[in-house]
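For reference, the structure discussed in these notes is given below.
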Amino acid sequence: MSDDREIRCYSGEVRAVTQDSEPGRIIGYGSVFDSRSELIFGSFREIIKPGAFDDVLNDDVRALFNHDPNFILGRCSAGTLALSVDDRGLRYDIAAPETQTIRDLVLAPMLRGDINQSSFAFRVARDGEEWYQDDDGVVIREISRISRLLDVSPVTYPAYRDADSSLRSMEAWQEARQSGALQKAINEKAARERVLDLLNIWGN
């Protein structure tokens, strides 16, 4: 069975906040809207659109360190992870465990600036992506709807899967474009929309 989980990483989007009287907090952005990613797998760039997370904000998401389930930092159902969306993107706020391991492994390196990248694991909805080429010939994957948000994570290194569902999706898009099926689908959709417009006019 294939794993359709995807992982994306953003630099400079996470920080630790500590106070003597309170547990350490980790605040970051798992995703930034309308920002082109670096070239993924040397093949395409990705854009996450506003609204992409609207269906998953109530999921029981975990906060992990380096996507490792052995290092859980927070969880929505436990009240130790809060997710929200603002104009910038998907924001998370973690109340980190008060353990020496987490202080040494996660909080201390973050305060030093050694860890400053943030990542999230997700699944794209069946109708939640669009592929196209921009005017410069760059292949763009635009994600408008995510079906599952699995975790948010401060990370040491960006993490990308070698056999990713996004690559399979891109290959399917390229095949459809080359075979003419994509243009046919576009034409048929346009024809259906014209008929619906006419029916709507007649109905009025």
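Just so you know, all these numbers are worked out from the coordinates, no wet-lab data involved. As the structure is a prediction and not an experimental result, all values here were calculated from the model. Quick reminder, even Gly has a Cβ in these numbers, built from the backbone with ideal geometry, and neighbours come from all protein chains shown.
Some points to look at:
- Considering only Cα atoms, the convex hull volume of segment 83-135 works out to 171 Å³ per residue.
- Here L73, L83 are placed in order of increasing Cβ neighbour count within 10 Å, fewest first, which gives L83, L73.
- 5 angstrom amide H check on V61, placed H, neighbours 5+ away: C76, S77
- Distance cut-off 16 Å, percentage of C-alpha pairs in segment 28-141 lying past it: 66
- Computed FRET value (nearest 0.05) for D86 with D135, which takes r as the C-beta separation and R₀ as 41 Å: 0.85
- Residues with amide H under 5 Å from that of V85, placed H, sequence gap 5 or more: R91
- Vicinal HN-Hα couplings computed from phi for segment 113-123 (Karplus, 6.51 cos²θ - 1.76 cosθ + 1.60; Hz; Gly/Pro x): x, 6, 10, 9, 10, 10, 9, 9, 10, 7, 10
- Taking amide hydrogens as placed 1.01 Å from N in the peptide plane, the amide H of S31 sits under 5 Å from those of L90, each at least 5 positions away in sequence or on another chain.
- In sequence order, calculated HN-Hα J values of segment 33-47 (Karplus, 6.51, -1.76, 1.60; Hz; x Gly/Pro): 6, 6, 10, 5, 6, 5, 5, 8, 6, x, 10, 7, 10, 10, 10
- Local electrostatic count at L64 - Lys and Arg +1, Asp and Glu -1, tallied over other residues with Cβ under 11 Å: 0
- Once the C-beta distance of L111 and D54 is scaled by a Förster radius of 35 Å, the resulting FRET efficiency is 0.60 to the nearest 0.05.
- 3J(HN,Hα) along segment 81-89: 9, 10, 10, 8, 10, 10, 5, 7, x Hz, from the Karplus curve 6.51 cos²θ - 1.76 cosθ + 1.60 with θ = phi - 60°, whole Hz, x for Gly and Pro.
- Förster radius 22 Å - calculated FRET efficiency between E188 and S43 (Cβ-Cβ, nearest 0.05): 0.20
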